[in-house]
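The values are calculated or read from the model by the stated rules, or taken from the named source; none is laboratory data. Being a predicted model, the structure only gives us computed values, none of them experimental. FYI the Cβ positions are ideal-geometry reconstructions off the backbone, even for glycines, and counts take in every protein chain you see. For the accessible areas, the whole protein counts, side chains as well, though only heavy atoms, and no ligand, DNA or RNA atoms are used. Shrake-Rupley method; radii C 1.70, N 1.55, O 1.52, S 1.80 Å.
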Amino acid sequence: MRGISKAYLIQRFGMFVITVWLGLTLMFIIPRLAPGDPVAAMVSRLAAQAGRVEQSDQIIAAWRERFGLDAPLPVQYLRYLHNSFRFRLGYSMAYFPTTVEEMILRAMPWTFGLLTLATLISFTTGIAIGALLGWRPTPRLLRMTLPLTMCFTAIPAFMLGILLTYVFAFGLRLFPFAGAYARGLAPELSWEFAASVIHHGALPACAVVLTSMGHWALGMRAMMIGNAGEDYMILAEAKGLRPARIFWLYGVRNAILPQVTSLALSIGAIAGGSIIVEYIFTYPGMGYLLYQGIVNNDYPLIQGIVFVLICGVAVAVFVIDLIYPLIDPRIRYERQ
Amino acid sequence: MNPEQKPPLVLRIQDLLVHYDTGPAPVVAVNRISFDVHRGEILGLVGESGCGKSTTAMAILRLLQPPGRVVGGRVLLDDTDVLKLGPAALRAFRWRRVALIPQGAMNALNPVMRIRRQLADAIAAHANANGRAALRARIGELMDLVGLPERVGDLFPHELSGGMKQRVCIAMAVALNPPLVIADEPTSALDVVVQRLVAMNLLNIKNTLGNAMILIGHDMGLMAQLTDRVAVMYAGAMVEIAPTRAIFGRPMHPYTQQLIESVPSIKVKKALRVFPGGPPDLRNLPPGCPFAPRCGCIGPQCEKKIPPLRECAPNHWMACHRHDE
Amino acid sequence: MNANNTTAIFARQRLAWANAKLVAGMAIILAVVLFGLLGRVFWDVTQARVASCPLNLPPVGFNPPGPGFQPYQTAHPLGTESSGRDMLALLITGTPNSMLVGLIAAAIGMVMGVLLGMTAGFLGGWVDAVIRICSDAFITIPSLAVLIVISSYVSEIDIKSMGLLLALFAWPGTTRVIRAQVLSLRERGYVQMARLSGASSFEIMFFELLPNLLPYIAASFTAGVSGNILAATGLEALGLGPSRVPTLGMTIFYAIRGAAILRGMWWWWGLPILMLMLIFTGLFLIAIGLDELVNPRLRRAGGGQ
């Protein structure tokens, strides 16, 4: 095996770096474009809360140091890049002296788990449905019933989330309203805890899966139909191969390639959508943390979460980019 | 060749009728054609694009894509009617009995599978459990047969040139040594040098293995070189079928004459004839002979009645009203 | 000659039978728009203001969800919410606002996307490389998250500025699609011919390429409207939308904040969601209808032959 070509690797890694840098730079610019001096605004907001926040002086000092108020912009920018690179995202304003990275690290596994699982389920089932719908020998009965699974496609995930909460949590009381596990339990490796996590995660996951599945199905169906006319499909049939083999090795195997590319392109949108789903379900992930940041005007927290989200998405895309050449041999040897 | 000496029959097509169900009335893509193919013979099937030659080939393999549909006729291969086979029998019949060398080998190979696996695929689907080593040896043999080094088997299709891909397709077609191979314009997408190489490959294989072959194309030069007999199709109908020597020596149908005259020749300097008129519109054929609107010598009958295919000389069948006159 | 291709696609479609999905989608959207435009003629929309009506009335014909709720009143057919706004008036005024945000963002995004995509595809070279890398990076970034950061700094936002804000992230998708199409069209005969006959790049772009891109532009505009309404509703559901004029998303936000789900006040969040679902379904039908126009093969197989 000759492996992945160097040019491809460099190109994709370059894209990864550019995306992360762009995210960082946006997070640097936005506060500085905001009307008024952001630090002054923050200080005054803190002053208003001074009665409650005891160490406000320390926060202000920390912030002055972090922003380097006196330093010229380019120096501030470089310092900011340096800090972010070391994953130092500053102090939360609402929960000083907790650092933003501490809070994010606590929330991240939930978001990561929910998002990865939901995306994988929705991608694979969507692909399967689309592949069957775009395959001529599929029985008529399946052909008629499968499109029903796509009826939530046009709806945003969080709206379906509200509906699901109302029906299954409020109405039927089958699932809990909020949280990631039952209140009495402590996170540990036990069946009881795992069951509780699944019980709590089911509704939010369903909201994401049911609304995104149809997009994959539609894309896959289109590719399968386009693929059916290809010469290699006709030759495969002429060879007298079993239909299942033609379906998987000649049909699905080729039609799935563009879906993987579009998965990489839509991870950002999926992550964005799940923020609001978490907020609807009060799921203790980064989306809900973000909402708390908004409510508390906790700017360092908001920026930190968004920065981590951008990085996470960029990493996911980079991973897909690394996997892609393994399933499409035409990329592997490009420019060799 | 005398009728008494004809080698045994491999394929007999009787009154094959293919419709394309588009629009209000079906389009007749293949209009009740009949012909035979004998063992060890290369039959050339020629005509302009859209005349139904590829459709015929796909009908024989039962590979017509909708809206195409075989409406009538019989395709007999050693006494089995291909059109009546059930799904399992059809799968067993394909490739073992009739193999296909597809048109435009550019996209004929699955881009995500190694060549070796695609060859093995075809063999393994029909011969049960010959073992890895035997399979490997067989693939080596096949590669050798078409003059490709064995390491080509480890490559992916996009790493091969057009000629190499076409030769892989040829190797694949003869993998099970089927009695009949259909080659659908096997050289059309290749450059001249490679065309010749592939053509020699085909001839070589027929001579070694003795399969019958249907060679579809519009390159009359190639037909003259390779085929034993030539069948000429026009607007879905068979207009002339005769031994190659007779077709080129004494073409009878005006369309065949035009086809042959349109081939440039180095030896004889002549003005190239360009076809008058465009290919026929299958949705809207004239009531009489379909070729009448483009024919240089039409008579009173031509625009009224469709001429039947008749044996005008021994083994020389032709469909034209004007022949007797 | 250039437009033949496009018109042929539409003509073929018109001949067969009007694409049912496209027509259905357009009908839904038209109905929603008319509801917003005509509703204010027939209904007193000042009731969309806080404290203009009795609180927590259920819609006509429905029982109160629990003790402490008053029975429905015919004066408020769709009920009222917890700060005394009439739901019907909220829907009538909120729907056009929500759609307007999407339209503004999608229109700006479309113009930017088409210009950038055509420039990239047509000029090629480093211009193309820069545009491609930028649009790819912007597609990867979760735009909703960045929009949340921006909105969190803006204390009060109106419909137009929200549209403009969303437009910041509305261009990369269109850019990508248009660029790919231009790249494939560029190699076709008539573009080469136009180039040989001395037409300027500008002329080729606008007179030869643009007509052929129309179906793709229409499709990505539709997707854009729907995507931007989605983003806007998302921001609003977090409370980051306009608070001076009603929108469907802000109504959902107030409903969530007012614990409408737990209190069983389904009409508070259900009606705006229903309205949004209508809008999204309509746009979705238009989008797949357009898709089938552009790609007729999908239609044939869709018939289940």
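A few remarks follow.
- Remark: C:VAL114 falls outside the filter, which requires a residue to be in contact with a helix residue (DSSP H, G or I) (Cβ under 6 Å, 6 or more places away or on another chain), modelled with pLDDT under 90 and either within 30 Å of C:HIS76 (Cβ to Cβ) or assigned to a helix (DSSP H, G or I) (or both).
- Residue check: C:ARG297 meets all listed conditions (1) at pLDDT below 90; (2) more than 8 Å from chain A (Cβ to nearest Cβ); (3) surrounded by fewer than 21 Cβ atoms within 10 Å (Cβ to Cβ); (4) part of a helix (DSSP H, G or I) but one, namely (2).
- Scanning region A:176-200 for residues that are modelled with pLDDT of 80 or more and among the charged types (D, E, K, R) yields one hit, A:GLU192.
- Any chance C:VAL154 is open to solvent by 30 Å² or more (accessible area, probe 1.4 Å) and farther than 30 Å from C:ALA259 by Cβ: no
- Lone unmet requirement of (1) modelled with pLDDT under 90; (2) within 14 Å of chain A (Cβ to nearest Cβ); (3) closer than 20 Å to B:VAL181 by Cβ; (4) open to solvent by 40 Å² or more (accessible area, probe 1.4 Å) for B:ARG97: (1)
- Among the residues of region A:191-223, those identified as within 14 Å of another protein chain (Cβ to nearest Cβ) and small (Gly, Ala, Ser) are A:ALA207, A:SER212, A:GLY214, A:ALA217, A:GLY219, A:ALA222.
- Some residue of region C:131-147 being closer than 17 Å to C:LEU115 by Cα, touching a residue at least 60 places away in the same chain (Cβ under 8 Å), out of contact with any His (no Cβ under 7 Å at 6 or more places or on another chain) and among the basic types (Lys, Arg): no
- From B:ALA171, B:ALA189, B:ALA120, B:ALA133, residue being at pLDDT below 90, hydrophobic (A, V, I, L, M, F, W, C) and not assigned by TED's automatic domain parsing to the domain that holds B:LEU64: B:ALA133
- Among the criteria (1) within 26 Å of A:PRO156 (Cβ to Cβ); (2) more than 9 Å from every other protein chain (Cβ to nearest Cβ); (3) open to solvent by less than 20 Å² (accessible area, probe 1.4 Å); (4) not hydroxyl-bearing (Ser, Thr, Tyr), the one A:VAL252 does not fulfil is (1).
- Test: residue in region A:146-164 that is assigned to a loop (DSSP other than H, G, I, E, B), touching a Gly at 6+ places or on another chain (Cβ under 8 Å) and closer than 28 Å to A:ASN296 by Cα: yes
- A single entry from C:ILE256, C:ILE261, C:ILE217 fulfils the requirement of being open to solvent by 10 Å² or more (accessible area, probe 1.4 Å) and farther than 29 Å from C:VAL45 by Cα: C:ILE217.
- Whichever residue in region C:93-118 is under 18 Å from C:GLY241 (Cβ atoms) and touching a Pro at 6+ places or on another chain (Cβ under 9 Å) and, among such residues, is surrounded by the most Cβ atoms within 10 Å (Cβ to Cβ): C:VAL101
- Which listed residue, of A:GLU230, A:GLU188, is more than 21 Å from the chain's Cα centre (by Cα), over 23 Å from B:MET113 (Cβ atoms) and among the charged types (D, E, K, R): A:GLU188
- Unmet criterion (only one of (1) among the small types (Gly, Ala, Ser); (2) farther than 26 Å from C:THR46 by Cα; (3) surrounded by fewer than 24 Cβ atoms within 10 Å (Cβ to Cβ)) for C:GLY224: (3)
- Filter result for C:ARG195 (away from chain A (no Cβ under 14 Å), basic (Lys, Arg) and open to solvent by 50 Å² or more (accessible area, probe 1.4 Å)): yes
- Of the residues making up region B:28-49, those that are assigned to a loop (DSSP other than H, G, I, E, B) and open to solvent by less than 40 Å² (accessible area, probe 1.4 Å) are B:GLY40, B:GLU41, B:GLY47.
- Test result for B:VAL70, touching a helix residue (DSSP H, G or I) at 6+ places or on another chain (Cβ under 6 Å) and open to solvent by 40 Å² or more (accessible area, probe 1.4 Å): yes
- Pair list, Cβ under 8 Å, 6 or more apart: region B:59-72 residue more than 19 Å from B:ASP184 (Cβ to Cβ) and in a helix (DSSP H, G or I), other residue open to solvent by 20 Å² or more (accessible area, probe 1.4 Å) and of a type in the set (S, T, N, Q): none
- Residues that are open to solvent by less than 60 Å² (accessible area, probe 1.4 Å) and polar (S, T, N, Q), drawn from region B:189-229: B:GLN195, B:ASN201, B:ASN211, B:THR227
- In region A:1-48, the residues that are under 18 Å from A:TYR324 (Cβ atoms), open to solvent by less than 40 Å² (accessible area, probe 1.4 Å) and modelled with pLDDT of 90 or more: A:GLY14, A:MET15, A:THR19
- In region A:256-300, the residues that are open to solvent by less than 10 Å² (accessible area, probe 1.4 Å), within 7 Å of chain C (Cβ to nearest Cβ) and within 29 Å of A:ALA128 (Cα to Cα): A:GLY268, A:ALA271, A:GLY272, A:ILE275, A:ILE276
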